[in-house]
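The values are calculated or read from the model by the stated rules, or taken from the named source; none is laboratory data. Keep in mind that this is a model prediction, so the values were computed, not measured. Positions of Cβ are backbone-derived with ideal geometry, glycine not excepted, and every protein chain shown enters the neighbour counts. In case anyone asks, the SASA skips ligands and DNA or RNA and just uses the protein heavy atoms, side chains included. Shrake-Rupley method; radii C 1.70, N 1.55, O 1.52, S 1.80 Å.
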Amino acid sequence: MEFWTFCKDWLFGFLGINLIMDALENGYEIPAQAYVQLVFSCVTLFFGVLTAYRAFYLLVGLFAKQRKYPEQKKENRYAFLLSARNEQAVIGNLIDSIRALDYPQGLIDIYLVADNCSEGDKTAEIAREKGCIVYERHDQEHARKGYALEFMMEEMKKRVDLEKDYYAYVLCDSDNVLAPDFLSKINDAFVAENYAAVSGYRNIKNLNENWITALNGINFYRNTLSVIRPRSVLHCHSQAYAGTGFALRSRILKDGWHWTEIVEDCQLSTLLASEEENLGFCEEAEFYDEQPSSLKISFRQRLRWAKGSLIVWWKYGPKLMASFFKRPSWQKYDLYWDYFPFTLFSFLWPFLYQVISLIMILCTGVNAWPSFFNYLISTVVGMYIGGFVTAAAVLIREWKRVHFKAWQAFLMLFLWPLYDLSGIFLNIACLFTKTVWKPIPHKVVADPKALVKEEQDKIKKRS
């Protein structure tokens, strides 16, 4: 009984109902602050209820075992689609890792579009020498990955039947390298579940280069733990793909590539979900990418992601919701909230409440500045502590795949909350900036077999 009384008192206090009841009981006018608190708190509670399932996701990501797929025959034909601009430093590393896959090489073709490469760059030359089918493109007006893939697939139509000649298409970025069993595991998932798309586990090949690459890497580990793994374990079929390391069944691309936003991956995932395609994840299919080692480039990349996600939610979110109300499914509901601008909402909404409350109080002559600053300080401290706990949970859970030492991990626990807090300012900044797609420079060459061995050795030490 005391528990329910406590819950009722908390809810009434949170919603401002206690202020209204006190005014009615004592016969004085209901203060305007009570109405403001009621409106803001009801909206906050409404969104909290709609997205509370994500707390359950987090628990699943922390404690559930990864989902595995039964081994299948290696008889399906695959095409790798690579888009590269001035990637002569790393493109050979990626192609070599594809040629080293344990999947039959006779069933693999590699297509590459050298997109707006500078004069003297050898990306196209290296790819041709390594047996790739190469297309060169020069279109500065539409210089980004989505347009490059669109161009390449239009060229491919002249030589292959996009739907019939391949079972699926694998998309990789130039800085990637693939674990030897990457494609075999992707094929296992495809055949076992007949997915429309499957992504692999993104790891980082230069995680320990500096603190910037480490923090960027933790961001991807968190995404795996908090949403990607839970969706897979719970058979939600609502994955949101992040640009690389995933494969699409050929029927999805039978007419070519038509997703050209600055975050074409978000656009693709949203539209596939609205069409009720099953989207999968195979944690055993591991690949590695390179994270920016420069703070300037990292911020530029994250700003583009923030802007792009907001654009996708604004342009395609209504279509996803309309599809949900027409034919409800968890997949559509989940992905809608995946692209909802939570970072903006969770900071700006309570901030707006405090500003309005401050103005109302100041109009009465009361000094409310201490309360306002206390709110700001409490919010920042709370977010820092939350970020610290999140980073600790992520590193503990993903430790077998983390490629740096224990002392580095300890240091990252204190830096990670600052990285996460910076996302607030980047999300606000994206509202006022015109963001364009710019290539990220890559330079790190890595041996995927050595990376896999390091992880296997770490698992043996723990067992």
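Annotations
- Computed from backbone phi, the HN-Hα couplings of the stretch 73-88 come to 5, 9, 10, 8, 9, 10, 10, 8, 10, 10, 10, 9, 10, 6, 10, 4 Hz, rounded to whole numbers (Karplus: 6.51 cos²θ - 1.76 cosθ + 1.60, θ = phi - 60°; Gly and Pro given as x).
- Inter-site label distance for VAL445 and ASN208 at 7 Å from Cα along Cβ, in nm: 2.1 nm
- Per residue solvent-accessible surface (Å²) - the stretch 238-383, probe of 1.4 Å: 43 Å²
- Here the contact order of the chain, divided by its residue count and restricted to Cα pairs under 8 Å and six or more residues apart, works out to 19 percent.
- Were the residues from HIS258 through THR5 laid out at 0.36 nm apart, the gain over their Cα-Cα distance would be 85.5 nm.
- With the simple model of a label 7 Å out from the Cα in the direction of the Cβ, PHE410 to ASP139 spans 5.4 nm.
- Segments 84-92, 334-342, 57-65 sorted - mean Cβ within 10 Å per residue, highest first: 84-92, 334-342, 57-65
- Rounded to the nearest Hz, the phi-derived 3J(HN,Hα) couplings of the stretch 212-225 under the Karplus curve 6.51 cos²θ - 1.76 cosθ + 1.60 (θ = phi - 60°) are 6, 5, 5, 5, 4, x, 4, 4, 6, 4, 4, 4, 4, 5, where x marks glycine and proline.
- Nearest-0.05 FRET efficiency for LEU295 and CYS42, computed from C-beta distance (R0 35 Å): 0.30
- GLU193/ASN18 FRET efficiency (R0 41 Å; Cβ-Cβ; nearest 0.05): 0.20
- Most to least accessible of PHE351, PHE410, PHE40 (protein chains only, probe 1.4 Å): PHE410, PHE351, PHE40
- Gained length - GLU454 relative to GLN72, 0.36 nm times residue gap less alpha-carbon distance: 134.8 nm
- In sequence order, calculated HN-Hα J values of the stretch 412-426 (Karplus, 6.51, -1.76, 1.60; Hz; x Gly/Pro): 5, 4, 8, 7, 4, x, 5, 4, 5, 5, 5, x, 4, 5, 5
- Amide N proximity, the stretch 197-228 versus PHE425 label position 7 Å along Cα-to-Cβ, cut-off under 13 Å: none
- Sorted peptide list for 185-198, 106-119, criterion being average Cβ within 10 angstrom, highest first: 185-198, 106-119
- Accessible surface for HIS235 stands near 100 Å², nearest 10, in the context of the full protein assembly shown (1.4 Å probe).
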